[in-house]
Amino acid sequence: MIGLFGGAFDPPHNGHVALLQAAKETLGLDRVLVLVAADPGHKHVETPAALRLQLARAAFPDEEVVLDEHPRTVDTLRAHPEWSDPVFLIGADEFAGFLAWKEPDEVLRLARVAVAARRGYPRERLEPVLAGLAAPERVLFFELAEPQASSALRARWRLEDVPPRVAAIVEREGLYRQARSYTERT
């Protein structure tokens, strides 16, 4: 069974690593392909794709990490029919907005979606999403012990929030200085 873990990874952080590990352990995935969105259709990125790819490879050294040229998940899935019923991994915060994705029901037809919910995450935030889907049975849930959400991390991140190999590249390349300087002042 193949897992797909896509995102901007700007930067990849310990929460991403924890999500991937929990998915492998809980779902019994044989392989996880990390897809770095070259030009994400859902958010602005600060770092060029080549650097984000390098950061993701540092964060996930044991996984295959590739650049995804498709801005939307459904387009990526359509471009790869060889992935037989893959499992697309996302966090609960991301899933809460799933109905706004491009063709969410088509995403679920092409892949199962595995949602990592942190302990204590309010399940009632996810129920309306499930109710709005044609095939909610294609959504799997697994628990993630990591309490840090990507949105909170972007608001106040530190080098300790990213894997050491990622931190080394961030320091070497002088990345994310504005976000770090805010944290260092507070």
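Overview of values
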{"quantity": "LEU67 surrounded by fewer than 19 Cβ atoms within 10 Å (Cβ to Cβ), in a strand (DSSP E or B) and either on the phi > 0 side of the Ramachandran plot or touching a residue at least 24 places away in the same chain (Cβ under 8 Å) (or both)", "calculated": "yes"}
{"quantity": "Whichever residue in segment 27-47 is of a type outside the set (Gly, Ala, Ser) and at pLDDT 95 or above and, among such residues, is surrounded by the most Cβ atoms within 10 Å (Cβ to Cβ)", "calculated": "VAL36"}
{"quantity": "From ALA22, ALA131, ALA50, ALA59, residue being closer than 24 Å to PRO164 by Cβ and exposed (fewer than 12 other Cβ atoms within 10 Å of the Cβ)", "calculated": "ALA50"}
{"quantity": "Pair list, Cβ < 6 Å and 6+ apart or interchain, from segment 71-100 residues that are free of Cβ contacts under 8 Å to residues at least 40 places away in the same chain and assigned to a loop (DSSP other than H, G, I, E, B) to residues that are surrounded by 14 or more Cβ atoms within 10 Å (Cβ to Cβ) and among the aromatic types (Phe, Trp, Tyr)", "calculated": "none"}
{"quantity": "Selected residue [under 17 Å from the mean Cα position of the chain (by Cα) and at pLDDT 95 or above] from LEU89, LEU110", "calculated": "LEU89"}
{"quantity": "Within segment 101-122, tally of residues that are of a type in the set (Gly, Ala, Ser), over 21 Å from MET1 (Cβ atoms) and touching a residue at least 40 places away in the same chain (Cβ under 8 Å)", "calculated": "0"}
{"quantity": "Residues that are assigned to a loop (DSSP other than H, G, I, E, B) and among the aliphatic types (A, V, I, L, M), drawn from segment 1-49", "calculated": "MET1, ALA8, LEU29, ALA38, VAL45"}
{"quantity": "Per-region count, segment 76-92, residues of a type in the set (S, T, N, Q) and surrounded by 21 or more Cβ atoms within 10 Å (Cβ to Cβ)", "calculated": "1"}
{"quantity": "Index of the failed condition, ASP105 passing every other in (1) assigned to a helix (DSSP H, G or I); (2) crowded, with 19+ Cβ neighbours inside 10 Å; (3) not hydrophobic (A, V, I, L, M, F, W, C)", "calculated": "(2)"}
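The values are calculated or read from the model by the stated rules, or taken from the named source; none is laboratory data. Computed from a predicted model, the values in this text were never measured in an experiment. All Cβ positions, even for glycine, are placed from backbone atoms using ideal geometry, and neighbour counts span all protein chains on display.
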